[in-house]
Every structure is written in C-alpha cells, then in structure tokens.
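Notes follow the structure.
The values are calculated or read from the model by the stated rules, or taken from the named source; none is laboratory data. Source: prediction; values computed, not measured. As a convention, Cβ positions derive from the backbone with ideal geometry for all residues, glycine included, and neighbour counts pool all protein chains shown.
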Amino acid sequence: MTEILRIAVQKSGRLSDDSLKLIKECGIRFDNGAGKLRAPAANFPAEILFLRDDDIPGYVEDGVAHLGIVGENVAVETARDVDTVYRLGFSKCRLSIGIPRGEKYGSIKDLHGKSIATSYPRILGKYLQDNEVEAQIHEIGGSVEIAPSIGLAEAVCDIVSSGSTLLSNGLQEVETIFRSEAVMIASRNLSDTQQSHLDQLLFRIKSVQAAKN
Ligand code: ATP
Ligand code: ZN
C-alpha cells in the first residue's frame, strides 16, 4: 500500500495555475514539464496528477487520487463521496440564471413551466425544488449560452464571472443560485500516514494564506 499522497489538479484550465502555485508555495517541488500527466514531488511524500477537473472527484472517491483541487461547483455537482477539507479562495465564480435581455423577471417562480439549459442539472434541480418551481432541465455539456437563441431552451444556468458571455449572447443575469471557489477535496479512506501528510499540507496552506493577509 502506497503511503504517498496523490494530488489531482486540473491539467489545463482556470484552476491550473493557482493550484500549482499553491502547491509550490507550500514548498513542494516537482517538475511539471509540458504534457506530463504525473509528476513526483522532490521533497514531500506526494505525486501530482494532471486530469480534467470533472474527473477529479471520481478519482478521489475511488482512492486513485487522495486529494484533489476542484471548483466547489464541480465538487457539488458530481456528488461524489469525498470530504471537502479546505476552501482555497481562488477561482471564485457563481452559477447564475440568464434569460433573454429585455424579458421581465420578478423571481425564480417566473421560470415555472419553462425550459432551462445547463451543465449543472443537479445544483439547478435542487434550487428549483427548494423554491417549488417546476421547470424542464436540458442538460448540455458546454456552450450553454447559445441555447435560447437557437430555441433549445428559454433560459440558461451557467458559470458567470464577469457576465460578458451572457451579454454577448443577448442574455441578462437575473439570479445567482450558487457561489463557488476552489476547494481541496480528500478521499475518505486515507491511511494514518496519509492523513498526517495531509495535516502537514493543510498546515502549510494555512501558513501561506496567513502570510498573505
Ligand atoms: P476541463 O477541460 O478540465 O474539463 P473546464 O472547461 O471544465 O476544464 P474551466 O473553464 O477551466 O473548466 O473552469 C474550471 C473551474 O474554474 C470551474 O469549474 C469553476 O469552478 C472555475 N471557473 C469557471 N469559470 C470561471 C471564471 N470565469 N472565473 C473564475 N473561475 C472560473
Ligand atoms: Zn471541466
């Protein structure tokens, strides 16, 4: 049984740079040459795995990776059996409802009986249910904002940071349903040794963050 910590980070995307920066700021050295999918750490009992973010919670649940850095949006949507051990404060974004610009909007109840395109059917479904709204959820993998203009759905629910993607597709942001930031998730089946490596890592992360504030 391996005692090192396998840490899964996004291979390339909005989480990648800050995830690697955090690991380096914790004093962990590794060589992430272009195209590498795994990199052993030189001075900490860890190995970094480079994966698609959506796959990370599943790998952590299965124990293939012991730790992972993902957006909370992905952690919640994938609903895997993992622990969220730390909120990392970067990659902040929100999951919002958008409707065609100029359409009136009073509350989420206005979406009753409508169709909504999203890549987040679970988070959206729960929000609708909590608000007793029955709407049809169209799950699509990406380019969600195009859905209303091609007649696929009447509204969208997608990740927003500045709102410019919504605007450029003729949509207005009317309601935020979830706020997200990067989180560290951990497997529930760590050995005692792995748990103590994790405690040490979390201690270093807290020190790095305290030094910044
Ligand atoms: P992958 O190819 O790994 O599946 P992706 O296209 O799903 O990548 P990204 O667009 O890189 O993912 O976003 C990764 C995460 O970064 C999102 O799940 C979210 O938590 C966060 N994020 C998304 N958009 C923004 C944004 N505009 N600003 C800040 N953080 C964001
Ligand atoms: Zn993804």
Exercise. Filter the range 104-125 for residues that are touching a helix residue (DSSP H, G or I) at 6+ places or on another chain (Cβ under 9 Å) and of a type in the set (D, E, K, R); which is nearest to LEU190 (Cα to Cα)?
Worked result: ARG122
Exercise. When you look at ALA79, is it farther than 24 Å from LYS206 by Cβ, of a type in the set (A, V, I, L, M, F, W, C) and within 16 Å of ligand 2 (Cβ to nearest atom), yes or no?
Worked result: yes
For this session: Give the residues of the range 49-61 that are touching a residue at least 60 places away in the same chain (Cβ under 8 Å) and either near ligand 1 (Cβ under 9 Å from one of its atoms) or surrounded by fewer than 19 Cβ atoms within 10 Å (Cβ to Cβ) (or both), sorted by residue number.
Result: ILE56
For this session: Hey, can you tell me all the residues within the range 1-23 that are assigned to a helix (DSSP H, G or I) and either touching a helix residue (DSSP H, G or I) at 6+ places or on another chain (Cβ under 7 Å) or surrounded by 13 or more Cβ atoms within 10 Å (Cβ to Cβ) (or both)?
Result: SER16, ASP17, ASP18, SER19, LEU20, LEU22, ILE23
Exercise. Quick check: anything in the range 165-174 part of a strand (DSSP E or B), outside the structural domain of GLY102 (by TED's automatic domain parsing) and in contact with a Lys or Arg (Cβ under 9 Å, 6 or more places away or on another chain)?
Worked result: no
Exercise. Filter the range 102-124 for residues that are part of a loop (DSSP other than H, G, I, E, B) and among the basic types (Lys, Arg); which is nearest to the chain's Cα centre (by Cα)?
Worked result: LYS114
